[in-house]
1. Pull up region 36-85, narrow it to residues that are part of a loop (DSSP other than H, G, I, E, B) and among the hydrophobic types (A, V, I, L, M, F, W, C), then point me to the one that is most open to solvent (accessible area, probe 1.4 Å).
2. Checking the condition surrounded by 16 or more Cβ atoms within 10 Å (Cβ to Cβ) and of a type outside the set (Gly, Ala, Ser), which residue from Arg779, Arg697, Arg681, Arg753 passes?
3. Among the candidates Ala400, Ala372, single out the residue that is without any contact (Cβ under 8 Å) to a residue 12 or more places away in the chain and open to solvent by 30 Å² or more (accessible area, probe 1.4 Å).
4. Of these, Leu207, Leu234, Leu190, Leu171, which one is in contact (Cβ under 8 Å) with a residue 24 or more places away in the chain and closer than 30 Å to Ala52 by Cβ?
5. Assess whether Phe708 counts as being touching a helix residue (DSSP H, G or I) at 6+ places or on another chain (Cβ under 9 Å) and at pLDDT below 95.
6. Under 8 Å between Cβ atoms, which residue pairs at least 6 apart in sequence (or on different chains) link something in region 666-678 that is without any contact (Cβ under 8 Å) to a residue 60 or more places away in the chain and over 13 Å from Lys691 (Cα atoms) with a partner that is open to solvent by 40 Å² or more (accessible area, probe 1.4 Å) and not polar (S, T, N, Q)?
7. I'd like to check something: does region 474-482 contain any residue that is of a type in the set (D, E, K, R), assigned to a helix (DSSP H, G or I) and touching a residue at least 24 places away in the same chain (Cβ under 8 Å)?
8. Can you name every one of the helices (runs of 4 or more DSSP H) wholly within region 710-794 that holds 2 or more residues which are of a type in the set (S, T, N, Q) and free of Cβ contacts under 8 Å to residues at least 24 places away in the same chain?
Amino acid sequence: MKKFPGIILLAAGLLGGARAQPAGPSPLVAARAAERAVPGGWIVNEARADDALHAGFSATAAAIYRDLLAEPEIPAAMRPRVTLNLVTALMETGELRAAEAALQADDGARTAAYHLRVGLLAANDRRTAAAKAALAAVKPEELSAADRGWWFFLQATIADAEGDLGRVGGLYEQAINAGVSELQRARFALGQAQASRRVRPPTERELATMRGNMERFAGQRNGYDFARAYATGLALLGRKAEAQAVLQRILAALPATERNVADQFHLLLGLIAGEDTAEGRTAFLELLRTGQRPDTQRTALYSLVRGVKTPAEREQLRRNLGMLIGAPVPPAVIEDLLLVRAQAALADKLYGPAEDDARSLLERFPGSALKAAALGVRLTVAWELKRYRTAADVIVQLRAALAPGRERAELGVLLAEAFFRSEDYQNAADAYDAALRESPQVVPAGVLIFQRVLADIRAGQLDAAAALLDSSAGHPAFDAVNRWQAEWNLVKEMQVRGQTPAAYARVNRLLLGGAQGVPDELRVRLMWLRARLSFDSAQPAETVRQVDELLALLQDGAKELDNGLRADVASTALLLKAQALLALNRDKEGAALLEKLRADYRGTKAAIYSYIVQAGGLAQRGDIVKAQELLVKLVDEHPQSEFAPLALYESALNAERLGLDRNLRDAYTLYLEKLVRDYPRDNLVFYARLKQGDLLRKLNDFGAARTFYESLVNNYAQHPDVLLAHLALADTLFALGANSVVNYESAAAIFERLRDLPSAPVDLRAEAGFKWGYALEKRAQPAKAQTVFWSVVD
């Protein structure tokens, strides 16, 4: 069998052999820096609930508000307004007792918005005196634009209850004019229409007079007015069926020229029948289909939505709206219909239809007053489906459609969060910086600075992150917890990226500076990491000193530390100290400390991993037998441990070092085959199979080795180290090439491909290039071989 000269052979040695032993267990160190709780989802859900409330889907809005309030980490600035909006939604659904309970549970400031809800709740419950007292406590200049219309509406409701008919109409008109959207104005118009029916029930004599006037002036304007009064009177006396029959009879005979009168009759018919009845829904739909005045149609639409409570009713609503939208001549309020259908789909998480309707509205009516609401639907869809890049694009459009204020500032935070979640960290850093300048109340400035630092870290701009941390250290809003958590993340990322000396220098400087205001848990994290970094920087004596300092803090201080975390820290610190002692050749002290660790913290990850540490030290000093005993003990006593597969792999490497054929067979069968059989899902299975192929080659069983490597190439195509299997397969084919030209050519083709593969590691490409040249030389092609050799040198 032909073999390569032993100059590099990286695949069988440095790259394909023993993996570097892991640093060991740590409950303190995450693989990547972790982000802080930024309320991206909360901002989206609050906006979604607000839009649902404005569109009339009060039950849906109430459910979302309740979910938000159930979140323990919801920002303090968000909780009061969500609570007050929940109260509004519950009042709209008629759940007055639940609304009152939510209001009483609110422990926020007694603002104008709070007193307004108290008044509306009292007015809904017909407690006029209490409503008037709450109204007097409202400072209208403190109300938001969305609440100003409700302030007029409350005044109108009180005037209506007191029979002040001279003021009622004007106040309702002021409420309608103050509405921030067409649908809110429709809600106030509905209230006005309902108020017109809340009069004293007529006597039988008065009712007879109304009927006589209706019949006397039939077909005339006065007659229609008397007909509405008569139908209202019947309804007030509880004779709804008769009232509906009167209205339906007149509608059937109404001339086509009286379309405005028909609108009023359909609206009154729906109100008398009720929004939750089939007759009421039919009347409102007919008004939407044939109505002349958009404001009346919107009142009908709002009434229709208010009557929807269940998913089945929402589905029927979408079908009904679909017929109106798809009509040859759609209603004048088609924009509203598209938005309401999108909201109905969104309520049932039908994201495709919701997105389609919102897009249709924006594309067909680019200047629509409902543009912001449609963009809100698209934002919710993108966020729910985790399409954060799309969400960022929508947020930019939505911010452009809004005036400066709270919502726009919060969307700035959401924009940064969308960039961050889409892993566009450079844009995220810029967006967090811009959000800081808008000072949104929903997110503390310290969290935004933290996220800005983290975005720089994730973008690989560690120098920029360090500079920002240094410059922000004195920022009054950059609290100690956020600052030191950011420092932790930076130092950890420096460690992950191999900048161990610089990471150690930074964390050491930070701790020597006192780390004032740092919570115990974070201080312990930093001290543990400093000790780990000093060990990784080949300063074991410093590691011993720093671990002793950490252990002293755990014993005499850090009172706020959780007992479980305290035990984890202490055990991993002892393990680290033992590793440092072994590195200092203080073997007896190190071994004794490992025994103490296993006795004091039996069953912990650190105690179990200590067997691997001690076995590694013994193996380095040539005591393979004792090393194997420790590794086998780990597997026998802790077969379910995450370190059991590693112990088997290390055992195989130790057996291989002994070098005899029986040792190689033991490595193959006793350790590696057991690893693959007992731990088939472990990450080491790939490397175990790769090592088995190497062992078979050492045993001169190249045919079996080829089968192993081909299996790895076929079954682990996406594995990060699969190219090692390709290289090992080429080595095996080359060795088999003495008896087959096809094997030679196959090996050479693989070597050539690996040398030219840009994504392959440089050392692997260099080895593949050398082996290709060597194979060409053996095939009597010295000129081409020299060209390949020089390509490797270049």
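The values are calculated or read from the model by the stated rules, or taken from the named source; none is laboratory data. On a predicted model such as this, the values are computed, not experimentally measured, just so you know. No Cβ is skipped: glycine too gets one built from the backbone with ideal geometry, and neighbour counts run over all protein chains shown. When the accessible area is computed, the model is the full protein with side chains, heavy atoms only, and any ligands, DNA or RNA have been set aside. Shrake-Rupley method; radii C 1.70, N 1.55, O 1.52, S 1.80 Å.
1. If we filter region 36-85 for residues that are part of a loop (DSSP other than H, G, I, E, B), which is where we start, we get 36-39, 56-57, 71-78.
Okay, now just the ones that are also among the hydrophobic types (A, V, I, L, M, F, W, C), so 37-38, 57, 74, 76-78.
Working: Ala37: 61, Val38: 13, Phe57: 9, Ile74: 13, Ala76: 87, Ala77: 38, Met78: 0 Å².
Only one residue tops the list, namely Ala76.
2. Values: Arg779 fails: surrounded by 16 or more Cβ atoms within 10 Å (Cβ to Cβ); Arg681 fails: surrounded by 16 or more Cβ atoms within 10 Å (Cβ to Cβ); Arg753 fails: surrounded by 16 or more Cβ atoms within 10 Å (Cβ to Cβ).
Answer to the check: Arg697.
3. Details: Ala372 fails: without any contact (Cβ under 8 Å) to a residue 12 or more places away in the chain.
The unique qualifying residue is Ala400.
4. On the way: Leu207 fails: closer than 30 Å to Ala52 by Cβ; Leu234 fails: closer than 30 Å to Ala52 by Cβ; Leu171 fails: in contact (Cβ under 8 Å) with a residue 24 or more places away in the chain.
Every option except Leu190 fails the conditions.
5. On the way: touching a helix residue (DSSP H, G or I) at 6+ places or on another chain (Cβ under 9 Å): yes; at pLDDT below 95: yes.
Spelling it out, Phe708 is indeed touching a helix residue (DSSP H, G or I) at 6+ places or on another chain (Cβ under 9 Å) and at pLDDT below 95.
6. From region 666-678, the pairs are Asp678/Pro639.
7. Filtering region 474-482 down to residues of a type in the set (D, E, K, R) leaves 479.
In the following step, the residues that additionally are assigned to a helix (DSSP H, G or I) were identified as none.
Checked against the condition, which is being of a type in the set (D, E, K, R), assigned to a helix (DSSP H, G or I) and touching a residue at least 24 places away in the same chain (Cβ under 8 Å), region 474-482 yields no hits at all.
8. Numbers: elements: 722-735, 741-755, 762-778, 782-793.
The helices (runs of 4 or more DSSP H) meeting that bar are 741-755, 782-793.
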